[in-house]
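Everything on this sheet refers to the single structure shown next.
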Amino acid sequence: MAEEPKKTELGPLASIEHAEAVIVVVAQVLNPSIFTETWLVKHDIVSADAFVGLRVFSAEMAQFQTKESQVLVIPARLQITVDLTKSDVDFAFPLKIALRSIQLLPQTPYQALGMNFNYFVTPPAGEDLPSYSRNLFGDGTGPLIRAFASKDAKFGRYFSQDYESGRLKLDIKPVIAGPEHKDLLQFAFNFHYELSKVNEADRPATLVRLLGTWESMRQHSLQLVELGLKSKNRG
């Protein structure tokens, strides 16, 4: 029987319907043909019995899945997606895929790292998304707010600031998502780190160090979701 996804309750406010993390390693040139099943197993990146579902290995693309993650390798990008709502996910496993790949390919001209977190929030019982999002983000008397005075209007917000040695961007917006096509509020976090000012020889070690902060970034993003759902009317 398929495991039921867990919901993260946010007090009396709302709950996280779905959450995912995406690790993106950007390189000027990245050769997908290296990422064969044999290479992944030989170098202890993925064990032979960890692969699930269909997988593709070619000169243009490598794509495979494990229980914990989905992995895509295309020229200039290694992308690892993790479902955070599964209760038995071992977060160390997808991180290992990124870390081992970087350590084994130190000559790759790495350009940037993105650690992304997406949370899809359902409003509290008895509230619809238009009224809920207005209460959170639609206050004010500016002309743009007044232009969206209809009851069906939905609201979000964008935030950006320097964080640690990178840039944190948060885009909050109403979406229709999930298998039930529900009205949800998406909190999309991007922790972005440019490597252009780092000596090329030092970039692999820099990436390894930054990936070591992944768990703290996850916790920080979740705390910001909780803050974002505290309107002035809810405390």
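Does VAL46 satisfy the criteria of being among the hydrophobic types (A, V, I, L, M, F, W, C) and surrounded by 19 or more Cβ atoms within 10 Å (Cβ to Cβ)?
Working: among the hydrophobic types (A, V, I, L, M, F, W, C): yes; surrounded by 19 or more Cβ atoms within 10 Å (Cβ to Cβ): yes.
Yes, satisfied.
Give the residues of segment 140-159 that are among the aliphatic types (A, V, I, L, M) and either closer than 18 Å to VAL121 by Cα or touching a Ser or Thr at 6+ places or on another chain (Cβ under 8 Å) (or both), sorted by residue number.
If the condition is that a residue be among the aliphatic types (A, V, I, L, M) and either closer than 18 Å to VAL121 by Cα or touching a Ser or Thr at 6+ places or on another chain (Cβ under 8 Å) (or both), then ALA153 is the only one that fits.
Consider segment 19-38. How many of its residues are buried (at least 21 other Cβ atoms within 10 Å of the Cβ) and under 19 Å from the mean Cα position of the chain (by Cα)?
Residues meeting the conditions: 4.
Residues being farther than 21 Å from HIS192 by Cβ, surrounded by 12 or more Cβ atoms within 10 Å (Cβ to Cβ), modelled with pLDDT of 90 or more and among the small types (Gly, Ala, Ser): count how many of those fall in segment 132-164.
2
Please specify each residue of segment 67-80 satisfying the condition of being among the β-branched types (Val, Ile, Thr) and crowded, with 19+ Cβ neighbours inside 10 Å.
Just the residues of segment 67-80 that are among the β-branched types (Val, Ile, Thr), to begin with: 71, 73-74, 80.
VAL71, VAL73, ILE80, listed by residue number.
Can you pull out every residue in segment 112-153 that is in contact (Cβ under 8 Å) with a residue 40 or more places away in the chain and small (Gly, Ala, Ser)?
The answer is ALA112, GLY114, SER133.
What are the residues in segment 154-200 that are free of Cβ contacts under 8 Å to residues at least 60 places away in the same chain and either part of a loop (DSSP other than H, G, I, E, B) or in contact with a Pro (Cβ under 6 Å, 6 or more places away or on another chain) (or both), if any?
LYS154, PHE155, GLY156, GLU164, SER165, PRO179, GLU180, HIS181, LYS197, VAL198, ASN199
Across segment 109-123, what is the number of residues that are under 18 Å from ILE176 (Cα atoms) and loosely packed, with under 15 Cβ neighbours inside 10 Å?
0
One line per residue, one yes/no per condition, for (1) part of a strand (DSSP E or B); (2) farther than 29 Å from VAL175 by Cβ; (3) at pLDDT 90 or above:
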| position | (1), (2), (3) |
| --- | --- |
| PRO12 | no, no, no |
| SER15 | yes, no, no |
| GLU20 | yes, no, yes |
| LEU30 | no, yes, yes |
| TRP39 | no, yes, yes |
| GLN70 | yes, no, yes |
| VAL89 | no, no, no |
| ASN116 | yes, no, yes |
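The values are calculated or read from the model by the stated rules, or taken from the named source; none is laboratory data. Just so it is clear, the model here is predicted, and its values are computed rather than measured. We place every Cβ from the backbone using ideal geometry, glycine too, and count neighbours over all the protein chains shown.
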